[in-house]
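Student: Structure below; questions to follow.
No lab work stands behind these numbers, since they all come straight from the coordinates. None of these values were measured; they are calculated from a predicted model. Ideal geometry is used to build each Cβ from the backbone, glycine not excepted, and the neighbour counts take in all protein chains shown.
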Amino acid sequence: MANTACEIFACFLCFVALVGLTVTTASNQWQIRIEGNTPITAAWVYRGLWLDCTLNSMGSRVCRRYFNNLNLPAYVRASQAVMIVGMLLSLIGIILAIMTMKCARIGGDDPKVKGRVVGAAGVLNILAGVSVVSVVSVYAWKTYIDFIPAIAPKNDLGMALYFGWVSGLLALVGGGMLCASCASGKKENHKKMSMFSQPRNYLDSHKAYV
C-alpha cells in the first residue's frame, strides 16, 4: 500500500514537472533586456526559444518568430532540441508509470515486469530533469557572460528559467521516487519468496532426516 501511494505521488510530481517543462519551452521570457536610456525611449525585449517580443513605453507589443533556426546561436538551437527531448522523455515515463502501477491492471500482473517498467519510468524522468536543468543553467550562464553594461545596461534572467529549474527538480524527485518504489518492491517480492520457500526447505530437510 505504501508503494502504491509513493508511485501515485511520484506520478503527480512528474505530471506537474511535465506541465512546467511545457510552459518553460513555450515561454518567451527566457531573457529580459531593457533597451533605451530614457523612459520615453525605453523598450523591454523578451526573448525565448521560439520568438522574441518587444514592449515599448507606449504599451505597443511586437513579437517576431524565429522562422530560420539556422541563424540562431548554437546554444539556442541546442536548448530547443533538448527541451523537446526532455518533454518526450517525461511524457513517456509518466505513461509507463501509470500503466504499471500496482493499482492498475494494465501490463499484466507480474510484479517483476511491473517493477522493471516503473524503474525505467523513473530513469526517464530523471534523464528529463537532468537535461532540462542543464539546458536552463547553460542558458542562464550564457545570458550572464553576454552581459555588457555599455551595451545592455539591464539584462536579466526571465521567469521561464526559474520555471525550468523548478520543473527539472520536480522531475528528478519524481523519478527518484519511482526508482525507490521499484527497489522497495523488489525487496518485498524477495521476502515473500523467501517466506514461501522456508516451509518447503524445512519439509525437505525433515524427510531427508527420516
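Student: Sort 76-88, 164-176 by the packing proxy (mean of other Cβ within 10 Å over each peptide's residues), most packed first.
Tutor: Final packing ranking: 164-176, 76-88.
Student: Right, next: Quick one: if you stick a label point 7 Å off each Cα along the C-beta vector at Glu35 and Arg64, how many nm between them?
Tutor: 0.7
Student: Is any residue of region 46-80 close enough, with backbone N under 17 Å, to a label point placed 7 angstrom from the Cα of Lys142 along the Cα-Cβ axis, and if so, which?
Tutor: Output list for this probe position: 46-53, 66-80.
Student: Here is a further query. Once both labels are modelled 7 Å past Cα along the beta-carbon direction, what's the Ala26-Val166 spacing in nm?
Tutor: About 1.7 nm, to one decimal.
Student: So who's got an amide H within less than 5 Å of the one on Gln31, skipping anything under 5 residues away but keeping other chains? H placed 1.01 Å off N, in plane.
Tutor: Here the answer is Arg47, Gly158, since their amide H atoms fall under 5 Å of that of Gln31.
Student: Can you tell me the order of 124-133, 63-72 when each peptide is scored by its average per-residue count of other Cβ atoms within 10 angstrom, highest first?
Tutor: 124-133, 63-72
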